[in-house]
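One structure is given below, encoded as structure tokens.
Quick note: the coordinates plus some simple rules give every number you see, no bench work behind them. Owing to the predicted nature of the structure, the values given are computational and were not obtained by experimental measurement. Neighbour counts are summed over all protein chains in view; Cβ atoms, including those assigned to glycine, are modelled from backbone coordinates with ideal geometry.
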């Protein structure tokens with residue numbers, strides 16, 4: 001069984017036991033979280049769609065760590081004008097482990 005879930009405006013395909021990086025969650029390391037914005041699920045080649053979300057499926061995950069990505073450098077320059085501008089940032093992610101996907105009711 002796998003599901004497609006919406007987390008902070010981004011869609012992720014989840015299966016049990018995978019580890020993935022999602023946008024920053026402000027929870028402590030080791031805490032469990034429940035994700036319930038399920039767009040659709042697939043089990044035994046049977047699709048189930050939500051309008052907009054499925055109500056009877058929840059994903060249980062555990063926060064492993066908070067990490068930063070590689071630095072992204074933004075460099076702007078206008079030739080022959082003496083204009084140069086260098087900026088950058090590191091995106092913050094939370095690494096989670098998908099413990100299980102539970103379906104409640106029918």
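The figures follow:
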| quantity | calculated |
| --- | --- |
| In nm, spacing of pseudo-spin labels at residue 32 and residue 49 (7 Å Cα→C-beta vector) | 3.3 |
| The chain: relative contact order in percent, alpha carbon pairs under 8 Å with at least 6 residues between | 32 |
| Euclidean distance of C-alpha centroids, the stretch 49-106 and the stretch 7-25, integer Å | 8 |
| Additional length obtainable on full extension of the chain from residue 15 to residue 92, 0.36 nm per residue less Cα span | 25.4 nm |
| Burial ordering of 18, 63, fewest other beta-carbon atoms within 10 Å first | 18, 63 |
| Förster-model FRET efficiency, 25 Å R0, residue 4 and residue 74, C-beta, rounded to 0.05 | 0.20 |
